[in-house]
Amino acid sequence: MARLAGSAKHARERRSGDPAGAAASDDDDLVQSVRTHGLISCSVVVKPLWSDREFALLSFGHTAPLVSAQQEPLQAPVSSQRSWLTLALARPIYRTRRQTVTKKLVPHARKLSLLAICACLAACGGGGGDGGSAGGRAQFITLAYPGGGELGQVKKLSATTTSGLPVTFSTSTPDFCTVAGDQLTLVKAGECRVVASQPGGKGTDGSQWAAADDVSQLFNVLKHEQQPDVPYAVMLRLGTATVELSATTRAGVAATYTSVTPQTCTVSGRTLTVLAAGACGLGVTAAANNDYSALTAGSALIAVSATPPFVVAAQGQPQSVVLAAVDKDGKAMSYQSKTPAVCAVAGGSLRLTAKGLCSVTASAAGGGDEELQMYVDPRFFASGFSTASTNPSRTVEQGDIATSAGFPDASWCGAVTPSYCNPSVSPISATFSYDIKPASNSNWKGDFSWSYFSFEIGAPMARNGSSFDLLPFDLKTEESLYVGLAVNQTLADGKEGIFVRIQTNHLLKKKDGNDCYVTASVHLVPTTAALVGYVIPLKDFAITDKCESDDLPQTEGWMFDWGVSAESKAAALDQLRAYGIRRLQFAPVTLNSKRPTANADGSVPTDPKDPAYTLTTGITVMSPITVQ
């Protein structure tokens with residue numbers, strides 16, 4: 001220790017004329033001296049101003065309770081501009097001290113940098129205790145946070161040591177979680193503490209390591225969330241229908257129901273009365289128990305229509321569809337499943353028990369059969385849409401939603417506030433509407449010759465920090481695309497239809513050097529503005545943008561009215577099989593440029609110079625979007 005103290009003293013004498021430089025140089029000499037000569041023991045002690053407890057700083061950003069502080073500490077605040085905020089864990093509200101062993105090394109007035117302190121700590125194996133001198137070199141454990149989880153989950157534990165020696169795991173809360181090897185099982189709701197230990201021993205290089213201090217992680221084991229047990233859909237073809245709802249949630253806890261859509265359905269006790277086609281929304285509540293949290297604001301949405309939904313997102317749970325008792329003429333109906341491995345008729349309901357295509361024959365009294373089909377748990381391109389402020393304009397699967405539109409000398413996105421472009425997202429739908437307001441621009445000459453409308457939904461992506469990585473979405477065996485679409489009334493009145501396009505992942509360079517993705521399209525003509533679910537065979541798509549490739553045919557938009565060549569359809573299917581889906585695009589054949597929206601009083605403006613004269617084009621895409 002004498003040589004160490006002397007070298008520091010000489011350094012101070014050499015640089016006494018430069019206080020700022022002396023502090024930095026003293027630190028450098030101190031680090032070098034520690035590396036050369038070592039120390040018997042050392043520790044850095046911090047004491048929060050709000051607490052009487054002392055903590056030993058063991059490494060950057062890591063603290064542990066002080067085991068022993070019997071020696072009288074020497075006051076030496078760490079206040080270097082270079083480092084003390086880091087030492088104080090970014091909070092300048094600590095007092096710091098060094099123990100007596102450093103008294104020969106540092107006079108009372110010395111200000112140490114974090115670099116010098118860490119050198120001392122590294123030399124003696126960390127802060128507090130005996131620095132590992134009793135049983136070998138000191139080692140430390142880093143235990144990865146296993147994260148919270150629900151009952152029944154099994155997690156893999158991970159930890160490393162500075163010695164490289166293996167770690168063993170245990171728990172101090174066996175009532176809530178158990179450990180077997182590196183497997184952690186969550187068995188009861190409450191607090192689980194996982195402990196990582198390393199008893200010391202000889203490393204691969206022959207070094208002897210002392211036992212490491214145990215390191216632990218504490219987290220909450222969560223209860224399961226309850227799910228309502230209600231029908232997935234109700235078939236209604238005439239009058240009204242009554243359905244007896246389950247007395248319990250899927251967890252077996254007593255449930256209560258209220259209707260949030262009284263125009264579609266009402267509830268009295270457990271009796272659901274379905275009044276009309278549409279969406280029947282129910283509020284569902286249930287108490288908590290030992291394994292399940294309370295359902296305090298639960299909701300369930302039941303589809304009501306003349307036919308069952310084509311896509312059923314069962315998510316691994318058995319689902320049911322209430323079958324219509326009579327047809328639209330009041331004739332009794334009966335049903336028989338053609339795919340008993342997927343679905344079965346039981347009483348007045350169809351039980352969906354497995355993934356795949358459910359096919360049912362519906363027969364009316366007096367003759368007449370009808371084939372009903374439902375696809376259970378297909379591949380989801382988009383199961384829903386995100387409304388979180390931190391993740392706007394994306395699907396649940398992280399696919400992005402992009403919109404833009406414009407019309408020369410009339411209106412375009414971002415031209416005014418509020419914008420002429422009106423995108424909106426709900427958990428089950430994404431809508432893009434665009435307003436043309438000729439009166440808003442004095443340059444407008446009545447020319448509707450050129451415009452654009454772009455509404456795109458991207459393929460699933462994976463979050464990678466602050467960015468997203470595109471995931472492959474191939475179409476190797478699937479035969480159809482399912483999507484629910486609605487349009488605004490004035491667009492539907494035009495009867496020109498919309499294009500549904502699949503932009504593939506086939507990237508080509510155009511002659512001007514711009515990137516281009518081969519795109520295939522299909523033409524739909526909605527018969528109503530209301531929501532309709534479309535099952536679109538992939539074999540019906542035709543290539544509409546070949547990106548100037550000489551190897552591909554191309555179908556222009558107007559050609560869909562005259563019939564699309566088999567060559568273009570075959571080429572499109574080959575492209576879909578080879579390159580999959582990058583984006584789905586939805587666009588009108590032409591923007592609505594002739595049918596103004598009615599005023600609130602029902603009158604229709606006729607003069608384009610009238611500020612109320614608005615030509616709206618709107619498309620709504622409903623979830624789920626699937627391939628099967």
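Any idea what log10 I(q)/I(0) is at q = 0.13, 0.14, 0.17 Å⁻¹ for segment 160-245, Debye with uniform C-alpha scatterers and no solvent?
Here the Debye-derived log intensity ratios amount to -0.61, -0.66, -0.80.
Can you give the convex hull volume per residue for the Cα atoms of segment 420-531, as a whole number of Å³? Don't skip to the answer; put the middle values down first.
Numbers: hull volume 23.8 nm³, N = 112.
Here the figure is 212 Å³ per residue.
Too long at a 25 Å Cα-Cα cut-off: which of LYS509/LYS569; LYS510/LYS569; LYS355/LYS476?
Working: LYS509/LYS569 23 Å; LYS510/LYS569 22 Å; LYS355/LYS476 18 Å.
In this structure, not one pair exceeds 25 Å between Cα atoms.
Binning at 10 Å from 0, report for segment 221-308 what percent of all alpha-carbon pair distances ends up in each bin.
All Cα pairs considered, the percentages come to 19, 48, 24, 8, 1.
Show log10 I(q)/I(0) for segment 561-627 at q = 0.23 Å⁻¹, two decimals, from a solvent-free Debye sum over equal Cα scatterers.
Taking Cα atoms of segment 561-627 as identical point scatterers yields -1.10.
Once you have the Cα-Cα distance between SER404 and THR296, take 0.36 nm times their residue separation minus that, and quote the gain in nm to one decimal.
Values: separation 108, 0.36 × 108 = 38.88 nm, distance 3.99 nm.
Going from the current span to full extension adds 34.9 nm.
With Kirkwood's inverse mean 1/r over C-alpha pairs for Rh, give me the Rg to Rh ratio of segment 327-409, two decimals please. It would help to have the intermediate numbers written out before the result.
Numbers: Rg = 20.7 Å, Rh = 16.5 Å.
Rg/Rh for segment 327-409 comes to 1.25.
Quick note: the coordinates plus some simple rules give every number you see, no bench work behind them. Computed from a prediction, not measured in an experiment: that's the story for all the values here.
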